[in-house]
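Right, one structure below, let's go through it.
Only the coordinates and a few stated rules stand behind these numbers; no lab work does. Here the structure is a predicted model, which is why all the values come from computation and not from measurement. Ideal geometry is used to build each Cβ from the backbone, glycine not excepted, and the neighbour counts take in all protein chains shown.
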Amino acid sequence: MPIRHSPINRRAFLRLAAAGAGMFGLGALLGACGAAPPSDPLALPTLDPSQPTLEPISGIAAPAADVPPSTRPPATSVEVDQTTLVLGHWDRALRPLLADFERENPGVRVRFISEFHDDYHRSLRSAMAEGKGAPDVAAIGLGWLGIFAQRGGLLDLAAPPFDGASLAGDMVPGAWASGTVDGKQIAVPFSVAPAAWWYRADLLAEAGVEDDPAALRSQVQSWDDLLALAQEVKKNKAERSLFYDARDLFYAAVAQEQYGWLDGNKVLIEEKGTRAAQLAGQARELKLDADLVSSNGFNLAMKNGELAGFFADGGVLGYLTENYADTAGQWRLLPVPGGPALFGASFLAVPAQSEQPELAWALVKYLAARPATQNAHLQASASIPAYMPAWADPLYDAPVEFFGGQAVYRLAADAVREMRPAHLSQYHLDANNIVEIELSQVVERAKDPLQAMQDAEARHDP
């Protein structure tokens, strides 16, 4: 439910992109959201999962020997007797995973089409509306799922000739339920993006506060505890911040609520956003966030050790390892205080336009319900599989060097397990935009948080 899926890319990396910073960007940080046109705060080609590395991210233990599928590229020529399946997704980390599907299905070629996240969804929406041009298998982000559910045109994957119902017990329950609309399984969950607070242990130690993740997890039980820690750091190191932007606290706190601003015709902005807006306003009033105003400022703050933490999902690892390799081993991960938070999820659907739906379903199962494929994608993009059998791999309990030996994938998977079904609405993105405007009033102009959320709710007329 965060306005732009994950707070850290909403402002910081827009500035970085505007400055021409070359980076993997957040890679899979936008695992369920991604980039959009230049007028949108997600217009970052290197901040979107359409630009991930195709190699395992540095510092992450390799999965079991039988896990990674072949990474040879798919065939580029189409023979007369070939059947072509079209897969649409914003995450190009999927491309090398398709070769094994082609090898297992002789005569089948998968054509992969990809655009930045919002561009991709707009193109899919147009194709669905026109009744032609949709891929055989279409990825859909959680924030867009309500739009496609309302418009129709997606096959029920739990009805014959499909056997989607057999997967229900192996998927994250909340994610599976989110793809169920009016008793029909219109989409199968593929990945989920749990949030966490990432921090520099060395910078906390320099500030004279606790830096061990186990001890901090016991100490930081609530948002008030985290604000108290940030105040202590500021007291000892005035130039150091535990948050990038005060708005980040809003996004992370809202992400702890059930995803979605609307439940049917009921608008939930005041109910879900007030406490989160209060946190953001308090953090800015106490000057606890870095409040950086330029890409140069962000880079310098990172390089100078002034920015000691931020909220993000696991995909930010690619950005950090590529751009701040000298900080390897210093980062730690702490669950969001007060309960798990979800920054997004992605799903796979089969449009009714597909002329080969059963073969399309085979591709969906290959991608979403096979541990080998799911964990290979995890290696490339740090997206947590929605298919729980994948979590049995030793990879999840392996120490990650970049995090000082933390088993971060197990922490992420444990948080995902508690995901609740989303409130889907075709008006979700419109509500996001309204909330974002009012949140800026809270942070930048000290507007009363309750009034801001009430005004946002009043302005939204679904």
Can you classify the range 305-448 as rounded, prolate or oblate using the Cα gyration tensor, where a ≥ b ≥ c are the square roots of its eigenvalues, rounded means a/c under 1.5, and otherwise it's prolate if a/b beats b/c and oblate if not? oblate
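In the range 355-432, which GluC sites (Glu not before Pro) are in a loop and have at most 15 other Cβ atoms within 10 Å, using DSSP for the loop call? Write down the numbers at each step before the final one.
Details: sites: GLU355, GLU358, GLU401, GLU418; in loops: GLU355, GLU418.
Taking the range 355-432 and a limit of 15 other Cβ atoms within 10 Å, the loop GluC sites (Glu not before Pro) found are GLU355, GLU418.
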Where labels lie 7 Å past Cα in the beta-carbon direction, separation of GLU239 and GLU271 in nm: 4.7
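Grab the other residues whose beta carbon is less than 15 angstrom from that of ALA129, score K and R as +1, D and E as -1, and report the net.
Working: positive: ARG122, ARG125, LYS132, ARG151; negative: GLU130.
So the environment of ALA129 carries a net charge of +3.
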Quick one: 3J(HN,Hα) in Hz for the range 426-432, Karplus 6.51/-1.76/1.60 with θ = phi - 60°, rounded, Gly and Pro as x. 5, 9, 4, 5, 4, 5, 3
Size of electric dipole in the range 323-462: Cβ of Lys, Arg +1 and of Asp, Glu -1, about Cα centre, debye, nearest 20: 380
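Roughly how big is the range 164-279's charge dipole about its Cα centre, with Cβ charges of +1 (Lys, Arg) and -1 (Asp, Glu), in debye to the nearest 20? All intermediate terms of the calculation are to be shown ahead of the outcome.
Values: 11 positive and 17 negative charges, 43 e Å.
Result for the range 164-279 is approximately 200 debye, rounded to the nearest 20.
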Given H placed 1.01 Å from N in the peptide plane, which residues other than close sequence neighbours of LEU342 have an amide H under 5 Å from its amide H? ALA195, GLN256
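Students often get this wrong, so check it: of LYS237/LYS272; LYS132/LYS266; LYS234/LYS266; LYS234/LYS272, which have C-alpha atoms separated by over 31 Å?
LYS237/LYS272; LYS132/LYS266; LYS234/LYS266
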Simple label model, 7 Å out from Cα along Cβ direction - ALA168 to GLN426, nm: 2.7
Residue span ARG111 to ASP263: 0.36 nm per residue of separation minus Cα-Cα distance leaves a gain in nm of 51.0 nm
Determine ³J(HN,Hα), in whole Hz, for all residues of the range 372-383 in sequence, where each value follows from phi through the Karplus function 6.51 cos²θ - 1.76 cosθ + 1.60 and θ = phi - 60°; x replaces Gly and Pro. 4, 5, 4, 6, 5, 5, 4, 4, 7, 10, 6, 7
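Go through 174-187, 131-144 and give me the packing order, highest mean Cβ count within 10 Å leading.
Working: 174-187: 20.9, 131-144: 22.7.
Listed from highest to lowest mean packing, they are 131-144, 174-187.
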Distance in nm between label sites at ASP397 and ASN433, each 7 Å beyond Cα in the beta-carbon direction? 4.9
Across the range 319-332, in residue order, what do the Karplus-derived ³J(HN,Hα) couplings come to in whole Hz, using 6.51 cos²θ - 1.76 cosθ + 1.60 with θ = phi - 60° and x for Gly and Pro? 5, 5, 5, 7, 9, 9, 4, 5, 9, 3, x, 9, 7, 9
